[in-house]
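A.B. asks: I am attaching a structure below and will ask some questions about it afterwards.
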Amino acid sequence: MSRRRGIMSDRFKEEIAKELGFYDTVQKEGWGAIRSRDAGNMVKRAIELAQQQMSK
């Protein structure tokens, strides 16, 4: 089974991780080390930002 290609760029994910406060974990251990709650919050924040952009 192949991995799906991500929609968010790595830079965008890093910015959100910094904003949410778990970027240090990403730097030390990679994306696989973040908690599922943090991943969910990251997606939620990305959706909020996308909606803000669409409303402008």
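The values are calculated or read from the model by the stated rules, or taken from the named source; none is laboratory data. The structure presented is a predicted model; accordingly, all values stated were derived computationally and were not measured. Please note that ligands, DNA and RNA were not included when accessible areas were found on the heavy atoms of the full protein model with its side chains. Shrake-Rupley method; radii C 1.70, N 1.55, O 1.52, S 1.80 Å.
A.B. asks: Any idea what angle helix 36-55 forms with the longest principal axis of the chain, computed on alpha-carbon atoms, 0 to 90 degrees, nearest 10?
C.D. replies: For helix 36-55, the angle is close to 20 degrees.
A.B. asks: Pairing the Cα long axis of helix 10-20 with the longest principal axis of the chain, what angle in degrees results, from 0 to 90 and rounded to the nearest 10?
C.D. replies: Roughly 90 degrees between the two axes.
A.B. asks: Taking the solvent-accessible surface of protein heavy atoms with a 1.4 Å probe, what is the per residue accessible area of the chain in Å²?
C.D. replies: On a per-residue basis, 89 Å².
A.B. asks: Quick check: at a probe of 1.4 Å, how many percent of the accessible area of the chain sits on carbon and sulfur atoms?
C.D. replies: Summing carbon and sulfur atoms, their accessible area is 48 percent of the total for the chain.
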